[in-house]
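Chemist: One structure, as C-alpha cells, below. Some questions next.
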Amino acid sequence: MKINFWAPLVVFLLSLSPGSAQQSTGFRATSWSPQRLVSGSPVFFKVELDHPPSALHGTWLKHDIVFTRARDGNSWYALAGIDVEQAPGTYALELTATTTDGHSLHTRQEVTVLPAHYKTTTLHVEEKYVQPDAATLQRIAADKVVKDAAFAHLISEPLWNGSFRSPVPFTATDSFGTRRMFNGELASVHRGTDFHAPSGTPVFAANDGRVIIAQPMFYEGNLVVIDHGQQFTTLYMHLSKIGVKVGDRVRKGQRLGLSGATGRVTGPHLHLSARWQGEWVDPVLLLHLPLPTR
C-alpha cells in the first residue's frame, strides 16, 4: 500500500486560520487585520505572550515597529502598513521581546501580501501641473523640504485612539491606487482617496494626533497633515480654508478646515491620504479597520 506522507501536512497547513501564525516559545499568538492583506493595506498587528515582557519590537518590510502594551497586559499591538506599490509576495514579520529579567525572545512570522487590482484613469488639468516651469519647480522643491522635515519627526507613542473616522459625511470613491494620466501622460499613482465634498464642507480629523503641516502646497493645495504617532499620518488636501496650525494637538472629529479646489484638481473635493513610514496605504481600508481605544 502506498502511503501519502504529505497528506497530514497539507491538512495541518489548511487548518491554520487566515491572519494568524504558529508561535515560538514565549509567544502565544500573533495575528493581523485585515486578514486578507494586499498591496496598499494598512495592517494592525497584535501579539500575545505567555508572560508580560518589558518591551516588544519588530521589523516589517524593512521598517522598525515599536509595539504598545494593551490594557490586558499580556498582548501588544502596532499599526503599520503596506505600500500601494509593494510587490505581492511573502514577507517576514520579525519580533523580539525583552523579558523582565533582561532575556530576549525571538520569533519570525511569514505574512502573505496578495496583489491589488487598481485601474487607470485619464484627467485633464492646467498644463502648469503637468509641465511646470522653472519657478514652479523651485516651489515644488521647497514644498518637498517642508514635507520631508515634517515626516522625519518622530512621536514615539501612538496618539490615535480607537478606529479612524471619515473626515466628511460623504461616501469615499474607489480612486486609491489609480494610475493617473494627466493630459495624456502617466503622471502618478493616486496615493489617497477622494470624497466628492462640495467647496466649504467642514473637514474633521480622522483621529487624535498633532498637526505637523498646515500650509499651501503646489500640488496638494491647502494641506493639513496630522501625525497620529509612530510616523502614521493622515493628509487632507485641496482645502479652501485651513483652520489649524502646526503644533496643534487635535482630537478625532475636530474641525481642520473647509474642503475646496486648491492645487492640482479637476473640481472641488477632499483628498484623504494615509501614510506609515513612507508607505502609502488605502484610507478606505483604514476607515474600516477596527482599532482599540487607549
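Chemist: Specify the residue that is nearest to Trp280 (Cα to Cα); the eligible residues are those in the stretch 133-175 that are among the basic types (Lys, Arg), open to solvent by 70 Å² or more (accessible area, probe 1.4 Å) and in a helix (DSSP H, G or I).
Modeler: Step by step, filter the stretch 133-175, then rank; the result is Lys144.
Chemist: Looking at Asn222, is it surrounded by 19 or more Cβ atoms within 10 Å (Cβ to Cβ), polar (S, T, N, Q) and at pLDDT 95 or above?
Modeler: Considered against the rule, which asks whether it is surrounded by 19 or more Cβ atoms within 10 Å (Cβ to Cβ), polar (S, T, N, Q) and at pLDDT 95 or above, Asn222 comes out as yes.
Chemist: Would you confirm, using the coordinates I've provided, whether Phe204 is in contact with a Pro (Cβ under 8 Å, 6 or more places away or on another chain), at pLDDT 95 or above and more than 22 Å from Ser41 (Cα to Cα)?
Modeler: Against the criterion (in contact with a Pro (Cβ under 8 Å, 6 or more places away or on another chain), at pLDDT 95 or above and more than 22 Å from Ser41 (Cα to Cα)), Phe204 qualifies.
The values are calculated or read from the model by the stated rules, or taken from the named source; none is laboratory data. Fair warning: this is a prediction, and the values are worked out from it, not measured in the lab. Every residue, glycine as well, gets a Cβ built from its backbone with ideal geometry; the counts of neighbours run over all protein chains shown. Ligands, DNA and RNA are excluded from the accessible area calculation, which covers all protein heavy atoms including side chains. Shrake-Rupley method; radii C 1.70, N 1.55, O 1.52, S 1.80 Å.
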